[in-house]
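To start, the structure under review is shown below, and the notes come after it.
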Amino acid sequence: MRRRSAPGSLRRALAAAAGALLAGAGGLVLLALACGRPVSAADGALLAPGERAAILALGPWPPEPPHDARNPASGRPDGVALGEALFHSARLSPTGLRCASCHEPWRHFADGRAVAQGVAAGARNTPSLLDVATHRHYGWDGARDDLGAQSLRPLDDPREMPATPAQLAAFVRADAATSARYARVFGAAPGPDDACVRRDVGLALAAYVETLASPRTPFDDWRDRLVATGGATPTPAFPAAAVRGLRLFAGRAGCAACHAGAAFSDDATHVSLLRSPAAPGIPDDAHPGGPANALRTPGLRDVAATAPYLHDGSADRLCDAVRPHAADPDRPAPSLTAGERGDIVAFLRALSAARDDAGERGCDG
Ligand code: HEC
Ligand code: HEC
């Protein structure tokens with residue numbers, strides 16, 4: 001539309017400039033119009049209109065605060081506080097393990113291990129809980145579509161922090177502070193029905209974990225400047241390598257086909273290519289009724305802080321995680337050089353809140 005409204009002389013000048021750029025850059029760079037002005041070469045990123053749209057689709061951030069109308073504890077300060085207390089309680093399970101034993105707040109709600117370690121070793125990596133409110137399918141396999149039920153899953157898993165409904169309900173009834181909070185949030189003291197008390201514990205836990213959100217990042221600042229000014233220059237926090245990585249991510253590398261939208265996930269399952277020896281049970285039993293190894297696309301915000309990566313924790317570094325790992329029926333896996341993967345990693349690091357460590361730089365083969 002903007003192209004059509006440009007006066008003829010400007011159009012001709014643009015066509016000439018675009019031709020020169022095409023000749024000089026092997027056809028990869030197209031000249032774009034921003035707010036009626038050509039994006040200047042000094043802006044570092046010469047974005048074609050389609051490319052610009054693909055990048056803008058990765059925001060804005062943060063989203064609206066969550067509110068689940070089906071959950072009476074959701075969005076209420078006392079409901080969230082009850083959930084937070086339960087999340088940190090060592091008495092939820094007779095094992096003494098807490099949700100926070102694996103989802104450690106200071107580790108961005110992950111645990112730094114390849115696979116989870118509860119009462120026994122599990123087969124999957126502990127995902128961060130940040131931004132769970134942005135999805136509707138939970139777990140690596142996306143098999144559950146209810147955050148309350150997902151939050152109770154570790155209590156059912158004999159390898160994690162098992163507790164029977166009777167044990168869980170007995171704790172809620174007997175602990176004075178917990179039962180008083182429960183009564184305020186759900187309108188009545190915990191009753192005799194263990195299953196109801198257990199369900200409400202799941203709702204309170206969900207009300208808490210849905211508030212865990214990742215902060216804005218250098219990428220978000222860069223993207224918002226692109227919206228405001230039509231061009232965005234690299235910055236120390238979003239360097240030229242991150243701009244190149246972003247353009248690959250949203251373009252030729254095909255990452256944004258699955259890692260889509262502001263939370264960098266399409267919330268759908270894809271067949272993982274991983275056949276790693278790192279964990280038993282690979283290929284994963286994955287999504288019930290789905291093909292073997294069907295896994296939900298994880299979000300990528302804050303990902304630089306939550307190594308090791310992938311469902312079996314088999315990638316220690318982002319450089320390894322960004323090798324082809326999921327089948328896209330619409331296109332073959334792109335071949336990326338070590339330099340290109342390094343650029344993508346620079347982008348992913350800038351998709352995480354500022355960190356003071358040096359972190360991984362570049363990919364070496
Ligand atoms: C032993 C370690 C461990 C403990 C303890 C644990 N989790 Fe998890 N959590 C995991 C693992 C592993 C997964 C991935 C599960 C899967 O894919 O099957 C997960 C997944 C989740 C998810 C889904 C995240 C997503 O992005 O889809 C939520 C929500 C969650 N846990 C909440 C909790 C709550 C609430 C508790 C306490 C009741 C808890 N977890 C206790 C290891 C743990
Ligand atoms: C066809 C869909 C699809 C495409 C395309 C895709 N991914 Fe993924 N991505 C996934 C799935 C599914 C997983 C989980 C795979 C597993 O754990 O086995 C994943 C996992 C990841 C992880 C690990 C996240 C974590 O928390 O452990 C990173 C990093 C990642 N992808 C980045 C990328 C990048 C960069 C690209 C482009 C080069 C890309 N992905 C292309 C679907 C996709």
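Amide hydrogen proximity for A294: with H placed 1.01 Å from N in the peptide plane, the residues at 5 or more positions away or on another chain lying under 5 Å are S272, H287.
Annotation: amide H-H contacts under 5 Å for A353 (H modelled 1.01 Å from N, sequence separation of 5 or more, or interchain): D302.
Phi angles across segment 47-56 convert, under the Karplus curve 6.51 cos²θ - 1.76 cosθ + 1.60 with θ = phi - 60°, into 3J(HN,Hα) values of 9, 5, x, x, 5, 4, 4, 5, 6, 4 Hz, Gly and Pro given as x. Converting phi to 3J(HN,Hα) with the Karplus coefficients 6.51, -1.76 and 1.60 and the offset θ = phi - 60°, segment 182-193 yields 4, 4, 5, 6, 9, x, 7, 4, x, x, x, 7 Hz in sequence order, with x at every glycine or proline. Computed 3J(HN,Hα) for segment 68-76, one whole-Hz value per residue from the Karplus formula 6.51 cos²θ - 1.76 cosθ + 1.60 where θ = phi - 60°, is 9, 5, 7, 10, x, 8, 5, x, 9, glycine and proline marked x.
Accessible surface comparison of V119, V322, probe 1.4 Å, protein chains only, largest first: the order is V119, V322.
Surface composition of segment 77-209: carbon and sulfur make up 56 percent of the accessible area, probe 1.4 Å.
The values are calculated or read from the model by the stated rules, or taken from the named source; none is laboratory data. None of these values were measured; they are calculated from a predicted model. With ligands, DNA and RNA removed, areas are computed over all heavy atoms of the protein, side chains included. Shrake-Rupley method; radii C 1.70, N 1.55, O 1.52, S 1.80 Å.
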